[in-house]
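J.: Here you go, one structure.
The values are calculated or read from the model by the stated rules, or taken from the named source; none is laboratory data. Keep in mind it's a predicted model, so treat the numbers as computed, not measured. Cβ placement follows ideal geometry from the backbone for every residue including glycine, while neighbour counts extend to all protein chains displayed. Areas reflect the complete protein model, heavy atoms only, side chains present, ligands, DNA and RNA absent. Shrake-Rupley method; radii C 1.70, N 1.55, O 1.52, S 1.80 Å.
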Amino acid sequence: KTKKNKTNPTPDLSSIIMVKNSQKKGKKSQSYADQHPWLFKAAPRNFGIGRAIQPKRDMTRFVKWPRYVRVQRQRAVLYSRLKVPPSIAQFTHTLDRNQATNVFRLLSHYRPETKVEKKQRLTAAANDDSQGKGAKPVVLKYGINHITTLVEQKKAKLVIIAHDVDPIELVVWLPALCRKMDVPYCIVKGKSRLGHLVHQKTATAVALTEVRKEHAALLQQIIDNVRPQFNDNAAILKKWGGGELGIKTQAMLRKRRLAAEREARV
């Protein structure tokens, strides 16, 4: 008997195509990476020391802020926690935004002249012998010693004090002096805003001694607004500041109160 050669029969292409089509119908379409897993090998990163670069994270919580930032934040927390006497707490009572805008709009018309402008004015006056030096321009007065003298002599018509003077002892007595001499005063936010008016970095206080005729009505309106809030307001001399509890303490007390209420219901 002759032996038959056992060879694999040639595959039928049509049957292979039908099988693949049936597999495609049975399974969902896969991505290119799933179909070719040998092309995309997993390579997890090692974030150990000296290894892969760390991903970007929000490190704000771990930033060491400059000392002046830390000091002013700690001071704000202390002012809210500790009991603050009325003489210091009154500086948290400031003009609102609309009233402060009107005050600064008036003050902007009386900014003192710079050194260059003063030199030009004196040079022009010296060249014109007939006029002489002439009258001094009407400007804002600044400097705590100068303003103190003006208030004591009752020459100041309106005194504007900054609320964030540091140390506060520089101006803590000025509101009492203004009330004693019956000089209108107000407290506004921002020693830097007052300093900008007089070409300085900061200013503790500024004062108006006189205004031009076109601004007399506006000045009187501002005085009528600030007198009831500051000069004639006896409540700010008795109101203590601070005494606020921290967030964690408030949460703890809230939990205790709720637990006591639950026990009372039972």
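J.: With the checklist (1) open to solvent by less than 90 Å² (accessible area, probe 1.4 Å); (2) farther than 22 Å from V188 by Cβ; (3) in contact with a strand residue (DSSP E or B) (Cβ under 7 Å, 6 or more places away or on another chain) in hand, flag the one item W240 doesn't pass.
T.: So the condition that W240 fails would be (1).
J.: Quick test of your reading of the structure: I53 fulfils all but one of (1) modelled with pLDDT of 80 or more; (2) in a helix (DSSP H, G or I); (3) open to solvent by 100 Å² or more (accessible area, probe 1.4 Å). Name the failing condition by number.
T.: The one condition I53 does not meet is (2).
J.: Considering every residue within the stretch 119-129, establish whether at least one is within 30 Å of A217 (Cα to Cα), over 20 Å from the mean Cα position of the chain (by Cα) and not in a helix (DSSP H, G or I).
T.: Taking the stretch 119-129 first, the residues within 30 Å of A217 (Cα to Cα) are 121.
Checking the rest, the ones that are also over 20 Å from the mean Cα position of the chain (by Cα) come to 121.
Still in the list and also not in a helix (DSSP H, G or I): none.
For the stretch 119-129, residues within 30 Å of A217 (Cα to Cα), over 20 Å from the mean Cα position of the chain (by Cα) and not in a helix (DSSP H, G or I): absent.
J.: Among the residues that make up the stretch 201-218, is at least one of them under 25 Å from the mean Cα position of the chain (by Cα) and either in a helix (DSSP H, G or I) or surrounded by fewer than 16 Cβ atoms within 10 Å (Cβ to Cβ) (or both)?
T.: yes
So that you can scan it fast, the table gives a plain yes or no per residue for (1) in contact with a Pro (Cβ under 7 Å, 6 or more places away or on another chain); (2) crowded, with 21+ Cβ neighbours inside 10 Å; (3) more than 19 Å from P228 (Cβ to Cβ):
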site	(1), (2), (3)
T148	no, no, yes
K155	no, no, yes
A162	no, yes, yes
D166	no, no, yes
L170	no, no, yes
P175	no, yes, no
C186	no, yes, no
R193	no, no, yes
V198	yes, no, yes
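J.: Moving on to the next point. Restricting the stretch 46-81 to residues that are of a type in the set (A, V, I, L, M, F, W, C) and under 16 Å from D166 (Cβ atoms), which is farthest from the chain's Cα centre (by Cα)? Show your work before the answer.
T.: Here is the first cut: in the stretch 46-81, the residues of a type in the set (A, V, I, L, M, F, W, C) are 47, 49, 52-53, 59, 62-63, 65, 69, 71, 76-78.
Cutting the leftovers down to under 16 Å from D166 (Cβ atoms) gives us 69, 71, 76-78.
Numbers: V69: 12, V71: 15, A76: 12, V77: 15, L78: 18 Å.
Here the residue is L78.
J.: Given (1) touching a helix residue (DSSP H, G or I) at 6+ places or on another chain (Cβ under 6 Å); (2) assigned to a loop (DSSP other than H, G, I, E, B); (3) among the charged types (D, E, K, R), where does D166 come up short, assuming only one miss?
T.: (1)
J.: Given the structure, is E113 open to solvent by less than 60 Å² (accessible area, probe 1.4 Å), more than 21 Å from I187 (Cβ to Cβ) and either in contact (Cβ under 8 Å) with a residue 12 or more places away in the chain or under 39 Å from the mean Cα position of the chain (by Cα) (or both)? Give the steps one after another, and end with the answer.
T.: On the way: open to solvent by less than 60 Å² (accessible area, probe 1.4 Å): yes; more than 21 Å from I187 (Cβ to Cβ): yes; either in contact (Cβ under 8 Å) with a residue 12 or more places away in the chain or under 39 Å from the mean Cα position of the chain (by Cα) (or both): yes.
So E113 fits the description; yes.
J.: Check the stretch 56-64 and report whether any residue there is of a type in the set (F, W, Y) and in a loop (DSSP other than H, G, I, E, B).
T.: We begin by selecting, within the stretch 56-64, every residue of a type in the set (F, W, Y); these are 62.
This time we only want the ones that are in a loop (DSSP other than H, G, I, E, B), so: none.
No, the stretch 56-64 contains no residue that is of a type in the set (F, W, Y) and in a loop (DSSP other than H, G, I, E, B).
J.: Please find, among V138, V71, V77, V116, the residue that is of a type outside the set (F, W, Y) and either closer than 17 Å to A203 by Cα or part of a loop (DSSP other than H, G, I, E, B) (or both). Write out each step before concluding.
T.: Numbers: V71 fails: either closer than 17 Å to A203 by Cα or part of a loop (DSSP other than H, G, I, E, B) (or both); V77 fails: either closer than 17 Å to A203 by Cα or part of a loop (DSSP other than H, G, I, E, B) (or both); V116 fails: either closer than 17 Å to A203 by Cα or part of a loop (DSSP other than H, G, I, E, B) (or both).
So the residue among V138, V71, V77, V116 that is of a type outside the set (F, W, Y) and either closer than 17 Å to A203 by Cα or part of a loop (DSSP other than H, G, I, E, B) (or both) is V138.
J.: Before we move on, is L140 surrounded by 16 or more Cβ atoms within 10 Å (Cβ to Cβ), in contact (Cβ under 8 Å) with a residue 40 or more places away in the chain and more than 30 Å from R75 (Cβ to Cβ)?
T.: On the way: surrounded by 16 or more Cβ atoms within 10 Å (Cβ to Cβ): yes; in contact (Cβ under 8 Å) with a residue 40 or more places away in the chain: yes; more than 30 Å from R75 (Cβ to Cβ): no.
Spelling it out, it is not the case that L140 is surrounded by 16 or more Cβ atoms within 10 Å (Cβ to Cβ), in contact (Cβ under 8 Å) with a residue 40 or more places away in the chain and more than 30 Å from R75 (Cβ to Cβ).
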